[in-house]
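Below is one structure; the comments refer to it alone.
The values are calculated or read from the model by the stated rules, or taken from the named source; none is laboratory data. Every value quoted in this text rests on a predicted model; they were computed, and no experiment measured them. As a convention, Cβ positions derive from the backbone with ideal geometry for all residues, glycine included, and neighbour counts pool all protein chains shown. Ligands, DNA and RNA are stripped out before the accessible areas are found, and what is left, the full protein with its side chains, is counted by its heavy atoms. Shrake-Rupley method; radii C 1.70, N 1.55, O 1.52, S 1.80 Å.
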Amino acid sequence: MLLGRRAVTACTTPAGEAAGHQVTTVEGLAEDGLLHPVQQAWMETGALQCGYCTPGWLTGCAALLARVPHPDDARIAAELAGHLCRCCTYPRIRAAVHRAAELMEQPESLEPVPVPPAEPAVVTGTGARPWDQVAPDPGAFLAGLPEGLVSVAGQEPAPGVLATSTRAWLHVGPDGVVTAFTGKVEAGQGTRGALSLLVAEELRVPPGAVRVLMGHTGVSPFDLGTFGSRSMPDAAPLLCRAAVAARRVLRETAAQRFGLAEADLTVADGMVAGPDGAPSASFGELVTGMHRVEQARADEQVTRPGAWSRAGRPVRPTAVGAAVTGTKRFPSDLAVPGMRHGCVLRAPAYGARLLGLDPAAAQAMPGVLVVRDGDFVGVVAPTARAARAAAGAIAADWELTAQPGPAELEAYLRVHPVEGQGFSAPYRHATGDVDGALAAGPSRLTASYTTAYLAHVPLEPRVALARWESGRLTVWAGTSTPFRVRGELAEALGLDEAGIQVIVPDYGGGFGGKHGSAAALEAARLARAADGPVKVTWSREEEFRWGYLRPAAIIDIAASADTAGQLTGWSFTNINSGQAGIAIPYRVPSQRIVYQPAQSPLPQGSYRALAATANNFARESHMDEMARLAGADPLAFRLDHLDDDRLATVLRRAADRIGWDRRDQRSGGPGYGAGPGGGHGLGLACGREKNSRVATAAEVRVGDDGTLHVLRLVTAFDCGAVIDPANLANQVEGATVMGLGGALFEQVDFADGVIRNASLSQYRVPRLPDVPPVEAILVDRPDQPSVGGGETPLIAVAPALANAIRAAAGTRLRSLPLAPQGKISRV
């Protein structure tokens, strides 16, 4: 917030310091109904994703520009270094500051404060739901539906079949508003905007005319969860078919009403119209009095990407206005009448066993309720501060066990394999005589690569609000898996799933870290004991210590090549981190690829791009070394082993943009192996994951003392047909910067089951001064289905940087992070 013209942090500034000063929050920046220049600049440049951090950036930028009208990049980085964006939209934030400086001198260019879009109406009917229609007599069923047209696509999954998303539906109301329903959720990845574009495309309406209701188990179709870049492959095709079916019904209805042939009618801008002089009607007029459910046909013809007129073009998301004006509400902002706050007693370390406790001190506090349910111990209090104080006042006796730290981790994981199940099951693929090829190859290289545990660090920690009414439970939570949460709550609390409703507001980032029901179950247990609504908000320390981590990895590789420089053998074993991205995209006649799960001393789970980051780091680093052994150019070596034209294309695009062919003039040496001193270097890496292709090129300088300077990053990305190019570019840029943090300095420090760097002052994430110029190249493929773009752009960053460092300094680094203290090790 601003105290006068000075930006301060509201959570650490005593109220007394505000005496005599004007206090301005983001809600007060706009004047006379016009946006403040910083608000408009953020909207124009799209300098946000989830928007949770946006108010702080806007007030900080306003204070900066009040003192320095036209700051350069260095000044911007220095002045705003204390601000964080975990979505990593820093390149756009930099651009937004410069644009805001221009707008400060162009008041005539300021736009009116946008009107927040209305919340989508929740279509519930009178108990019957359109997606449950099975009654042979539809009359009674349809009478319970809301007025209008409901279009349904998809079918129930077969018994025992695990399906991610099997149905979708939308509602056209008598007000002409189109509401699309999906079980996916929005945490800054842009799914809401992309789906609204596709529905608008098929219904021939402006994108702003479509509202998307997401992650509401009471009215949304079942969905396994928002992860794995599956929103576009799972939800989009079904919603498109539902929209096509709705357009068909609207045209049929108009034809019957007008007495015209359907072929003579045009659907556009929310209207169905006949030829010149013929009647026309709006969508709302056509569905007034209608109570119809239309099942989309299997042969509904959706619009091909090459013929899109609305999708495939940049559009400003409607939610941006709410974020920059402070009207967007996150789970942290939720409150209901009579709400109290909860806090859970945490163990001092992983694996600790509770031996006994004395809650007397906590119970003596005003308004505090202590709740114990087996090993679960929590408190309920009138305020969050009081709840946290009460939890801290409970005297608990714990039994601790010795556990490995970072120095012992590799040896520990190697000797503690587990069988695992599902995504954690062991994996093995082999073709040819791998051992024979490795033994016979004249060029052979064996090496091990490691990656550290990483924390997700969403800026909005986990939060959930639970309310019980007449034995039924409603939970609002920031989770990527609302239907899984409903199931876990039902099992833990002994309820039928029909008695539980989970609602997911748009939340402040997750990056794979908000799967499951941890906070939701805590809030539900406390609310039931307190007989009233309870909100649980994890602290930053809890988020670090009790949220699961990205798995650490050990990867062993052996590769061989013949005298012509062709790969002949490839052995790749990943221990612990996973099999995502483990398949080699290069042509190797004999290959063995193994994933072996291990018993992790720390809780681990999904993280943006999963194990593909570790697997690509190891493989692409090793490919550079094999190119060096063959005396080949690293780019040419890769292309010579690729049969995947899409992957070759992104690799060439990134190399061209970074200036790969001109690298010798800048580095004073070849593209790799410049020698033991400092220098300049370029590096390349590529990969494919989730049916998308990515390549990253990095430019670095290494000082004589080992200090690393990242000068530039270029990421070329192909995820099929591009639906929303502005948002996709934003996702690619943010993912590239997030990958930079994991590549260079992010790592969890731990000992005996305790996370030792459980704060943002100790765990380093990318900040504005860390971010070099970043460029995203989108390779549009209208002939390919659209897939998600939020994960794969991370996976080539670390190996590109490692290869650039090798080119600059002659040092091959095989462990992530590469330069945790800002310098590379020459050991």
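All conditions in (1) aromatic (Phe, Trp, Tyr); (2) farther than 25 Å from LEU760 by Cβ; (3) in contact (Cβ under 8 Å) with a residue 60 or more places away in the chain hold for TRP398, with the sole exception of (3). Within the stretch 523-548, the set of residues being buried (at least 22 other Cβ atoms within 10 Å of the Cβ), charged (D, E, K, R) and under 15 Å from MET339 (Cβ atoms) comprises just one member, LYS535.
Looking at LEU744, LEU740, which is the one that is open to solvent by 10 Å² or more (accessible area, probe 1.4 Å), hydrophobic (A, V, I, L, M, F, W, C) and at pLDDT 95 or above? Within the list LEU744, LEU740, the selection yields LEU744. The C-beta contact set for the stretch 284-297 (first residue within 18 Å of GLY270 (Cα to Cα), second residue open to solvent by 80 Å² or more (accessible area, probe 1.4 Å), distance under 7 angstrom, 6+ apart or interchain) comprises GLY284/ASP175. Here the condition is being hydrophobic (A, V, I, L, M, F, W, C) and surrounded by 22 or more Cβ atoms within 10 Å (Cβ to Cβ); of VAL26, VAL8, VAL68, it holds for VAL26 alone. Only one of the listed residues (ARG781, ARG806) is in contact with a strand residue (DSSP E or B) (Cβ under 8 Å, 6 or more places away or on another chain), in a loop (DSSP other than H, G, I, E, B), touching a residue at least 12 places away in the same chain (Cβ under 8 Å) and more than 15 Å from VAL737 (Cα to Cα). That residue is ARG781.
Of all residues in the stretch 14-65, those satisfying the criterion of being without any contact (Cβ under 8 Å) to a residue 12 or more places away in the chain and of a type outside the set (D, E, K, R) are PRO14, ALA15, GLY16, ALA19, GLY20, GLY28. Applying the criterion of at least 3 residues that are over 30 Å from the mean Cα position of the chain (by Cα) and more than 16 Å from ALA804 (Cβ to Cβ) to the helices (runs of 4 or more DSSP H) found wholly in the stretch 601-663 leaves 612-630, 634-640.
Within the stretch 360-385, the set of residues being open to solvent by less than 30 Å² (accessible area, probe 1.4 Å) and outside any strand (DSSP E or B) comprises ALA362, VAL368. Residues that are among the charged types (D, E, K, R) and free of Cβ contacts under 8 Å to residues at least 24 places away in the same chain occur in the stretch 268-281; there is at least one. Could you tell me which residue of the stretch 145-163 is modelled with the lowest pLDDT, considering only residues that are assigned to a strand (DSSP E or B) and within 27 Å of THR479 (Cβ to Cβ)? Per the criteria, the residue is GLY154. Looking only at residues of the stretch 31-44 that are open to solvent by 30 Å² or more (accessible area, probe 1.4 Å) and within 33 Å of the chain's Cα centre (by Cα), we find that the one that is farthest from GLY509 (Cα to Cα) is LEU34.
Would you say THR792 is polar (S, T, N, Q), touching a residue at least 60 places away in the same chain (Cβ under 8 Å), open to solvent by less than 20 Å² (accessible area, probe 1.4 Å) and farther than 16 Å from ASP705 by Cα? Taking the combined requirement at face value, the residue satisfies it. Among the residues making up the stretch 331-363, those that are charged (D, E, K, R) and under 29 Å from the mean Cα position of the chain (by Cα) are ASP333, ARG346.
So that you can scan it fast, the table gives a plain yes or no per residue for (1) out of contact with any Asp or Glu (no Cβ under 9 Å at 6 or more places or on another chain); (2) more than 30 Å from GLU746 (Cβ to Cβ); (3) of a type in the set (A, V, I, L, M); (4) not in a loop (DSSP other than H, G, I, E, B):
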position	(1), (2), (3), (4)
CYS11	yes, no, no, no
HIS21	yes, yes, no, no
LEU48	yes, no, yes, no
GLY82	yes, no, no, no
CYS87	yes, no, no, no
ARG94	no, no, no, yes
LEU103	no, yes, yes, yes
PRO114	yes, yes, no, no
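Output the strands (runs of 3 or more DSSP E) that fall wholly within the stretch 213-310 and possess 3 or more residues being buried (at least 16 other Cβ atoms within 10 Å of the Cβ) and in contact with a helix residue (DSSP H, G or I) (Cβ under 6 Å, 6 or more places away or on another chain), or say none.
Per the criteria, 291-295.
Residue count for the stretch 775-818, restricted to those that are in contact with a Leu (Cβ under 7 Å, 6 or more places away or on another chain), under 19 Å from ALA447 (Cβ atoms) and among the aliphatic types (A, V, I, L, M): 8. Residues in the stretch 572-581 that are open to solvent by 10 Å² or more (accessible area, probe 1.4 Å) and hydrophobic (A, V, I, L, M, F, W, C): ILE575, ALA580. Could you please let me know if THR613 is in contact (Cβ under 8 Å) with a residue 12 or more places away in the chain, surrounded by 24 or more Cβ atoms within 10 Å (Cβ to Cβ) and β-branched (Val, Ile, Thr)? Taking the combined requirement at face value, the residue satisfies it.
Consider ASP333 carefully, then state whether it is among the acidic types (Asp, Glu) and either within 21 Å of ALA200 (Cβ to Cβ) or out of contact with any Gly (no Cβ under 9 Å at 6 or more places or on another chain) (or both).
So ASP333 passes the test.
Please verify whether GLY20 is open to solvent by 30 Å² or more (accessible area, probe 1.4 Å) and not aliphatic (A, V, I, L, M), treating the condition exactly as stated. Taking the combined requirement at face value, the residue satisfies it. I'm trying to understand the selection: among the residues of the stretch 417-473, which are on the phi > 0 side of the Ramachandran plot and touching a residue at least 24 places away in the same chain (Cβ under 8 Å)? Residues satisfying the conditions are GLY420, GLY432, VAL457, GLY471.
Kindly indicate whether any position in the stretch 164-181 is at pLDDT below 90, within 21 Å of the chain's Cα centre (by Cα) and surrounded by fewer than 23 Cβ atoms within 10 Å (Cβ to Cβ). Yes - at least one qualifying residue is present in the stretch 164-181. The residue that is surrounded by the most Cβ atoms within 10 Å (Cβ to Cβ), among those in the stretch 320-338 that are closer than 20 Å to THR89 by Cα and of a type outside the set (D, E, K, R), is VAL324.
Taking the listed residues LEU549, LEU526, LEU567, the one that is more than 30 Å from PRO817 (Cα to Cα) and touching a residue at least 24 places away in the same chain (Cβ under 8 Å) is LEU526, with no other qualifying.
Per-residue answers, yes or no, for (1) open to solvent by 60 Å² or more (accessible area, probe 1.4 Å); (2) of a type outside the set (Asp, Glu):
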| residue | (1), (2) |
| --- | --- |
| GLY405 | no, yes |
| PRO417 | yes, yes |
| GLY420 | no, yes |
| ALA425 | no, yes |
| ASP435 | yes, no |
| ALA440 | yes, yes |
| LEU445 | no, yes |
| SER448 | no, yes |
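Considering only residues in the stretch 678-692 that are open to solvent by 40 Å² or more (accessible area, probe 1.4 Å) and either in a strand (DSSP E or B) or not polar (S, T, N, Q) (or both), the one that is modelled with the highest pLDDT turns out to be ARG688.
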